[in-house]
Structure formats: C-alpha cells, structure tokens
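Everything on this sheet refers to the single structure shown next.
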Amino acid sequence: MQTGNTTQTSTEDANTATSWLGNFDFKQIIFDYGLKVVAALAILIIGLFIIKMIVRVSKKIMKKRGVDDTLQKFLGSLLSWTLKILLFVIVASQLGIETTSFAAIIGAAGLAIGLALQGSLSNFAGGVLIMIFKPYRIGDFIEAQGVMGTVKEIQIFTTHLNTVGNKLAILPNGAVSNGNIINYSAEEKRRVDLVFGVSYDADIKQTKDVLMKIMTDNDTILKEPAPSVTVLELADSSVNFAVRPWVKTEDYWDVYFYMQENAKIALDAAGIEIPYPHSVEIHKGE
C-alpha cells in the first residue's frame, strides 16, 4: 500500500515538472536576458570611452592651470578608478544584479581604508593643497615646522628640504599645510635686519654716518628702498643701532655677512668702541 502511494507521488511530481517546463519559454527568457547583456555591454563600452574623455579633459585643464605633473597623474588616476567603479555598479544594475550590497561593501571598505590611512590621507590632502595654492615652489628657501631649508622636492605626501647644513629634512604635508610657512624667496626684495651696539661714549651722529657709509659703498645694497640707520635701544651697557639695508633676495646672505665684518672694521677705524661683557675677579681676604 505504501509503495503504491510513493509511486503515485512520484508520478504527480513528474507531471508537475513537465507542466512547468512546458510553460517555461526558453526563447523569451534568452531574448530578454540577451537584451540586458547587450545593453550592459553597450553601457560598458560607451562608459569607458566617456571616462577616457573626461580624464583627458581634466588633465588638460589641470595642465593649463599649472597643476604639478605628479598631482595631475595622481588625480587623473583617482578620477579614472572612481568613475570605473561607478560604471561597474551601473552595468551590474543593468544585468539585474542587486547593487545595494555593492554600495554597502564599497562604503565599508572606504571607511576601513580611511581609518587605517587617516594620517596618510591628511598628508595627501595637504599635498594637494600645496600643489594647488603653491605657498612655495621647488628652489624656494622656506621655514616650516621649525625647519629652514631650500625646497628640493614636493611629493604627494611629503616635502623635502635641504637645510643650510645640507641635511635632508622630510616634512609631512599635512602638518606643513596646517602650520605656519615663511617663504623667504617669495618676494624679489628682502630687508636685512641687523643690530650693532656701541659705547655710551660714542657720538651718535658719527656712528650713524659710519654705518650708513658701509651700506652706500656696497653696490649690492639697493638704493630703493633706501637703507636706514636708527637708534633702536638704550640698553644697559650699549646704545643699539638698527641697521636696515634692502637687497635682492638672492643677495641676502652675502650682504648679511658683509655687514657683520665691515661694521666691526669701520667702527674700529673710527675709534668707536663696541662694548662687550667684562668679568671682574674679586679677591676675598683671608
């Protein structure tokens, strides 16, 4: 009896399957899905072409605006991959694949990468800002993050400086872009700020004439703006004079050292004393 029921059930299942297959229109399904595949391929091909054109145009715009070559390549690559990922999602959606999961995966991956590379992303953003706004260029003498030196290289994540002692200093762009930057090469002219102290016995007018003559005798020192000598301070043991010659930026250090040496020579020749600390030895009685 049980065997008969089993046989009857199997027959019914077979009839159901046959009926379902009979109602199943393979041609229609293949036609519909084939259209989706063709449409997806068309979107893919046209999308890749459009992405290529967008990247090419963006690079031309960046080049026209003087964006650094390194930044051009990096931003072009970033734009290309971002658009390709978006295109992949669109193609998958056209094929009928649920794209919500893709968006969730991409979002989670982006969050994880962002947290893992938080410092690097900050440096990258700083590098982008530096290359776009150009607070300094290669060859400029700058001071940043407590370091002074000549800019040797500007990379996406770091800036390389050659210090005065010819040491290589590597500064993270994130910290540089968020901190104070002094660019000593930005302007064509610079003022050399010097202070010379002389004895209270020295004649003020004579001292000013001597210091001014040192500057007027040097052709490197500019006539405009005119150099100046003024009394800066009546200090404890000296009268301090502020000496301010103007020079071309590239002549700054030559004039600085020239003034240090020749001021001493000229003041000595004029009999003007430059005071210095004296130590007094005190003998105690036995």
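Just so you know, all these numbers are worked out from the coordinates, no wet-lab data involved. What you see is a predicted model, and the numbers here were worked out from it, not measured in a lab. No Cβ is skipped: glycine too gets one built from the backbone with ideal geometry, and neighbour counts run over all protein chains shown.
Points worth noting:
- Nonlocal amide H pairs with Leu232, under 5 Å, H built at 1.01 Å: Asn240, Phe241, Ala242
- Amide H partners (placed H, <5 Å) of Lys189, local residues excluded: Thr249
- Taking a Cβ cut-off of under 13 Å around Asp254, the surrounding Lys, Arg, Asp and Glu residues balance to a net charge of -2, with basic ones at +1 and acidic ones at -1.
- The slack between Ala235 and Lys167, meaning 0.36 nm per residue of separation minus the straight C-alpha distance, is 20.7 nm.
- Residue-wise HN-Hα couplings along region 148-160, as the Karplus relation 6.51 cos²θ - 1.76 cosθ + 1.60 with θ = phi - 60° gives them from phi, are 10, x, 8, 5, 9, 7, 10, 9, 4, 9, 9, 10, 9 Hz; Gly and Pro carry x.
- Student exercise, region 169-249 dipole from Lys, Arg, Asp, Glu Cβ charges, in Debye to nearest 20: 260 debye
- For chymotrypsin sites (Phe, Trp or Tyr not before Pro), the sites in region 179-235 that DSSP calls loop and that have at most 15 other Cβ atoms within 10 Å are Tyr184, Tyr200.
- Gain on full stretching of the segment that runs from Leu95 to Ala125 - 0.36 nm per residue minus C-alpha separation: 7.1 nm
- Checked against a 29 Å cut-off, the cross-linked pairs Lys36/Lys60; Lys167/Lys248; Lys134/Lys213; Lys152/Lys248 give Cα-Cα distances beyond that limit for Lys36/Lys60; Lys134/Lys213.
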